[in-house]
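Structure record follows, encoded as structure tokens.
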Amino acid sequence: MEKRLRLAPSPTGLLHIGTARTALFNWLYAKKTNGKFLIRIEDTDSVRSKSIYKNNILEGLNWLGLDWDEEIIEQSKRISIHKNNIQKLLETGAAYRCFVSESEILELREKQKIRNLPPKHDNRHRNLSKNEIKEFISQGRSSVIRFKIDEGSEIKWEDQIRGEIKWQGKDLGGDLVLSRRALGYEIGDPLYNLAVVVDDNFMNITNVVRGEDHISNTAKQILIYKALGFKLPVFSHTPLILNSEGKKLSKRDSVTSIDEFKEMGYLPEALANYMAFLGWSTKDPESEILSLAEISKVFNLSDVNKAGAKFNWEKLNWINAQYIKKMELTKLCKFIKNYWKNMGWKSPSKEWDLKLTNLIQDSMILLTDAIDQSKPFFSLSIMQIEGEEFLENNCDTKESLKLILHYLKEENISKVNNDKAREIINKISKTHSIKKGIVMKSLRVAFFGCLSGPDLIQSWELFSENKTDITLIKRCLN
Ligand code: GLU
């Protein structure tokens, strides 16, 4: 039978790394089994649901390379169907009207707190007579619909990731609220646990893969599936993503939304590749740099770990750098030029752009590194103490720069390409018996204001084409 998986995000915030990783595992398993990956937007909370969040979630999934099959289902359009199912549960006696007010619930909670008991509903309206219901309604009391949970029941399922999971009915917090409050004989808006079961059944979902924080919901949902006579899907609960202290990754850990990763300069392929290894590993990984298509061939839910997955920035950075290194030059150049544009930097030619991209490609970890690394080629770098001290404390430093200027003038050289750069450095070193290292380091200080930076010869060619090399050398001689 075809496997059908889904992501069911609530559009109440930006696409979060946890949701993206859940999406990825669903997508990978659908691809692996030649099945379908679907999306359902759980937008029944009309106050918190926003279309900007829905768009952000869908765009984020697209950006990561996760496509979906079939039309997107919007849960809010199915409210009347959810209500029909609640009605069915009322009719079969699996659910009932509960008129207990908010203040009565608070009172119950207070009593439980005093006795150090966890919150649990006492099901006091489970067996109201028709007349009692009538009486409450005539008093103008609102009601929710509660689903009966048998205290003595044991709910068991075979989780694809965790193996057998058992849950006791008595630990589910009492009879479950299926709908919000409503007056009269109305049924209020359906809540998550009911809507999710009705919709997963409607969409013929065969495998529900979601975070481990949903385990107790699964126990409740299994009871609803049974009461409605629906076929149960196979459940899998993925491990949470943890920060370096072993706590659930949250906003405090500086980034959690996919947008933020994008802004920081991570490539979608790299982030997706890294996320796949967050909680999953192949039995025999040939390499850790794998495309989603490659991962989908070897992915299996049974290989996902049970323990929480620690977020490792170093590993993500390493993977990102690998993707940048192997990226086609023109593609990388496009990304980089966007940053230049935002900085208001103008370059002399398209060839120059490619040369500079090539020069910094191997030392970039994030795409945003292109800003700092290309900055010296657009604006005069600041002379640092390290650079100043080198020029002051070593023999022949300024002398070699003077000789370079003199040589350029004498020979009437307006453009220094790589060969010319090497030739000039060699010539000055030989003719004037100055160590080649001194000539090169002096030039480096002139160009970058310090002793580090990219390849000097290639840099000179770029500075020369940009017509800034002479200015940079001269600034050291004033
Ligand atoms: N809307 C729920 C959430 O975002 C869906 C959970 C589920 O996959 O059932 O957590």
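Quick notes on this one:
- Boolean, residue 66 is part of a strand (DSSP E or B) and either within 16 Å of the ligand (Cβ to nearest atom) or surrounded by fewer than 22 Cβ atoms within 10 Å (Cβ to Cβ) (or both): no
- Any hit, the stretch 182-202, residues being touching a strand residue (DSSP E or B) at 6+ places or on another chain (Cβ under 7 Å), surrounded by 17 or more Cβ atoms within 10 Å (Cβ to Cβ) and within 19 Å of residue 122 (Cα to Cα): no
- Considering the stretch 398-427, the residues that are in contact (Cβ under 8 Å) with a residue 12 or more places away in the chain and either acidic (Asp, Glu) or in contact with a Ser or Thr (Cβ under 6 Å, 6 or more places away or on another chain) (or both) include one that is surrounded by the most Cβ atoms within 10 Å (Cβ to Cβ), namely 400.
- Residue count for the stretch 270-297 under the criterion of being of a type in the set (Ser, Thr, Tyr) and out of contact with any Leu (no Cβ under 6 Å at 6 or more places or on another chain): the result is 4.
- Yes/no for residue 215 being in contact with a Pro (Cβ under 9 Å, 6 or more places away or on another chain), touching a residue at least 12 places away in the same chain (Cβ under 8 Å) and either crowded, with 16+ Cβ neighbours inside 10 Å or closer than 26 Å to residue 33 by Cβ (or both): no
- The single condition from (1) more than 15 Å from residue 20 (Cα to Cα); (2) assigned to a loop (DSSP other than H, G, I, E, B) that residue 278 fails is (1).
- All positions within the stretch 177-199 that are away from the ligand (no atom under 12 Å from the Cβ), small (Gly, Ala, Ser) and within 36 Å of the chain's Cα centre (by Cα): 179, 188
- Meets criteria (touching a helix residue (DSSP H, G or I) at 6+ places or on another chain (Cβ under 9 Å), surrounded by fewer than 18 Cβ atoms within 10 Å (Cβ to Cβ) and modelled with pLDDT under 95) for residue 248: yes
- Total residues in the stretch 377-397 satisfying the condition of being of a type in the set (Val, Ile, Thr) and touching a residue at least 24 places away in the same chain (Cβ under 8 Å): the figure is 2.
- Of 374, 349, 296, 363, all but one fail to be touching a residue at least 12 places away in the same chain (Cβ under 8 Å) and either within 30 Å of residue 159 (Cα to Cα) or among the acidic types (Asp, Glu) (or both); the exception is 296.
- Flag if residue 43 is acidic (Asp, Glu), in a loop (DSSP other than H, G, I, E, B) and within 11 Å of the ligand (Cβ to nearest atom): yes
- Residue selected from the stretch 1-10 under the condition farther than 22 Å from residue 261 by Cβ and assigned to a strand (DSSP E or B), by the criterion farthest from the ligand (Cβ to nearest atom): 4
- Residue selected from the stretch 200-213 under the condition in a helix (DSSP H, G or I) and near the ligand (Cβ under 9 Å from one of its atoms), by the criterion farthest from residue 305 (Cα to Cα): 200
- Filtered by the rule that a residue be within 14 Å of residue 309 (Cβ to Cβ) and either outside any helix (DSSP H, G or I) or of a type in the set (S, T, N, Q) (or both), the stretch 11-34 gives a lone residue, 22.
- When residues of the stretch 255-275 are limited to those that are more than 15 Å from residue 24 (Cβ to Cβ) and among the polar types (S, T, N, Q), the one surrounded by the fewest Cβ atoms within 10 Å (Cβ to Cβ): 257
- Looking only at residues of the stretch 335-368 that are basic (Lys, Arg) and in contact with a helix residue (DSSP H, G or I) (Cβ under 9 Å, 6 or more places away or on another chain), we find that the one that is nearest to residue 262 (Cα to Cα) is 337.
- Where helices (runs of 4 or more DSSP H) sit wholly within the stretch 385-477, those with at least 1 residues that are under 49 Å from the mean Cα position of the chain (by Cα) and within 18 Å of residue 355 (Cβ to Cβ) occupy 418-431, 436-448, 456-465, 469-474.
- Considering the stretch 228-242, and only residues there that are of a type outside the set (Val, Ile, Thr) and touching a strand residue (DSSP E or B) at 6+ places or on another chain (Cβ under 7 Å), the residue that is farthest from the ligand (Cβ to nearest atom) turns out to be 242.
- Condition check for residue 61: within 15 Å of the chain's Cα centre (by Cα), within 14 Å of the ligand (Cβ to nearest atom) and over 18 Å from residue 293 (Cα atoms): no
The values are calculated or read from the model by the stated rules, or taken from the named source; none is laboratory data. Nothing here was measured: the structure is a model prediction, and the numbers come from that model. Cβ coordinates were reconstructed from backbone atoms using ideal geometry, including for glycine residues, and neighbour counts include every protein chain displayed.
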